[in-house]
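So the structure is just underneath, and the comments pick up after that.
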Amino acid sequence: MTRVKSVADSNPATHRGVVARPAAWFQNGFHRFLETYLKRHFHAIAVQTESVPAAELIPSDPSTPMIVYCNHPSWWDPLLAHFINSRCFVPRQLYAPIDASALQRYQVFEKLGFFGVDLNSTSGAAAFLRTTTELFKRDSSALWLTPEGRFADVRDHAAELMPGLSHLCWKLDAGIVVPLSLEYVFWEERLPECLFRFGEIVRIEDFPERTKTEWSEDLATRLRENQSRLAELSIARNAQPFTNLLRGKQGARGVYDWSRRMKAWMTGKSFQAAHGEKFVE
């Protein structure tokens with residue numbers, strides 16, 4: 001099993017299972033609910049096809065640490081993280097830090113791999129490192145991070161990433177790091193499209209001499225470049241480069257769709273709820 005270069009094994013907190021492993025029955029039920037819930041609120045959830053991590057790039061050894069880090073554009077991000085993890089990284093179990101005060105408001109997340117972090121204190125940073133050290137000892141784990149540390153517009157590339165991500169990469173002997181970019185956009189439908197793109201996977205063992213500063217600069221550059229590539233696809237408003245992972249609600253619904261449906265019936269045409277042709281199956 002891959003080990004961390006310097007871990008807090010002497011601290012008893014790392015031996016108590018600081019984050020409970022989600023119960024399979026509960027998480028599976030949540031995923032069924034989540035898919036229905038997302039269908040009600042999104043027209044499509046789609047990944048750029050060419051950016052999907054190839055199977056050979058995802059470690060077959062379940063003990064290999066895995067970090068997925070992404071930008072943080074909206075309230076939806078934790079739910080989309082669970083959805084994406086369940087579709088793209090099975091059997092990896094998602095674990096993710098969340099602001100401790102937010103976790104108090106959404107306590108169900110504690111049963112789904114999320115753990116509270118005090119973002120504004122040194123003790124909170126130390127607790128984060130102890131927790132992630134423990135998680136990296138568990139097989140088939142995936143640590144999800146939003147190192148911007150706040151909601152940020154997808155066009156805002158100026159903010160520095162919080163140091164926890166680069167510190168983890170510097171501490172690990174081996175592992176993989178996956179940049180992920182998210183956007184929520186309105187194209188032709190009443191509901192938005194959620195678009196995402198994976199960046200080039202980084203193997204930590206390929207950079208044994210890299211400093212924390214070098215890790216920080218490189219990871220930030222990878223994320224921002226990936227965001228820019230996704231933005232270009234979003235502006236193009238073309239669904240062809242994407243694979244749709246979830247087909248949500250279509251059409252305007254209500255009286256507007258009722259009148260369209262009646263017109264189609266009266267003219268002998270089939271009714272298509274979608275306003276446009278993007279992500280229509």
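Laboratory data are not the source of any read-out in this text; all were calculated from the coordinates shown. If you're wondering where the values come from, they're calculated on a predicted model, not measured in any experiment. Quick reminder, even Gly has a Cβ in these numbers, built from the backbone with ideal geometry, and neighbours come from all protein chains shown.
Students often get this wrong, so check it: of LYS171/LYS212; LYS249/LYS278; LYS111/LYS171, which have C-alpha atoms separated by over 20 Å?
Listed pairs above 20 Å: LYS111/LYS171.
May I ask you to derive the relative contact order of segment 47-246, considering only C-alpha pairs under 8 Å and at least 6 residues apart, and to give it as an integer percent?
30
Give me the percent of DSSP beta bridges within segment 47-246 that run antiparallel, rounded to the nearest 5.
Counting DSSP beta bridges with both partners in segment 47-246, the antiparallel share is about 40 percent.
Using a Förster distance of 22 angstrom, determine the FRET efficiency expected from the C-beta separation of GLU160 and ALA102, and round it to 0.05.
0.55
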